[in-house]
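> There's a structure below that I have some questions on.
The values are calculated or read from the model by the stated rules, or taken from the named source; none is laboratory data. Bear in mind that the values here come from a model prediction, so they are computed numbers and not experimental data. Backbone-built Cβ (ideal geometry, glycine too); neighbour counts: all protein chains shown.
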Amino acid sequence: MIKIRLYFLFIFLSNILLGFENTKGKRTEFTQSFEIGMGLGYFMPRTVFTNSQSFTISSLWKMTPNYGIRLNILNTALHHNSVDSSRNLINISPGVELTLKVNEKAKGYTLIDIGFIEDEKDALFIFGAGIKYRIKDCYTIYFELRDFHKSLGVPFVTFPRSQAGIQGKGGSKYLDFQIRLHYQIN
């Protein structure tokens, strides 16, 4: 579990560091774009529910070529493993997307969202990574993996023994893989 968190933290920090382009001596143009899309996913709860298919509607407001504000709405039906009952799960999650420029058509990105789920009082922290591939000028396909955490564990180091630990209970509650098609509105 700690290795997964460190992996997501490494991806997040490397995207920030590598996402900055050398603009010394170059004239940069600030262009904004707005994307809206929908897609299908595979939702994997880490609790007493079975895996299910999900439907997603999302939007992305690209403020710069590397940073954007996103809103994701996910809907899925969760079925209990042992009891004959089900529940509808609706997740609304605003967040931030950080893009790493790989080449002209394919780009990797990381995301940080805060999710709100129906019938749950606490917000979920969502970390993810993905690849987006531009099909045509206006269409982009997204492949995205998101991990929902019920709380965050804060790492710390004790003094004078220099022992590392985590304060708080962190833990993955849901995992979601999505494939979406976005349309860019200029």
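> Considering only residues that are in contact with a Leu (Cβ under 7 Å, 6 or more places away or on another chain) and of a type in the set (Gly, Ala, Ser), which ones fall in region 126-152?
Gly128, Ala129, Gly130
> Any residue in region 56-79 that's farther than 15 Å from Thr110 by Cβ: show its pairings with residues that are of a type in the set (Phe, Trp, Tyr) at Cβ separation under 6 Å, as long as the two are six or more apart or on different chains.
Matching pairs, first to second residue: Trp61/Phe34; Asn75/Phe55; Thr76/Phe43; Leu78/Phe49.
> Filter region 73-104 for residues that are more than 13 Å from the chain's Cα centre (by Cα) and either closer than 21 Å to Met38 by Cβ or among the small types (Gly, Ala, Ser) (or both) and give the result. Reasoning before the result, please.
Restricting attention to region 73-104, the residues satisfying the condition of being more than 13 Å from the chain's Cα centre (by Cα) are 75-90, 100-104.
Correct list: Asn75, Thr76, Ala77, Leu78, Ser82, Ser85, Ser86, Asn88, Leu89, Ile90.
> Which one of these does Ser52 not meet: (1) within 21 Å of His182 (Cα to Cα); (2) at pLDDT 85 or above; (3) of a type outside the set (Phe, Trp, Tyr)?
It is condition (1) that Ser52 fails.
> Grab the strands (runs of 3 or more DSSP E) fully contained in region 26-145, keeping just those with 2 or more residues being loosely packed, with under 13 Cβ neighbours inside 10 Å.
Working: elements: 33-45, 52-62, 67-79, 86-101, 106-117, 124-134.
Result: 86-101.
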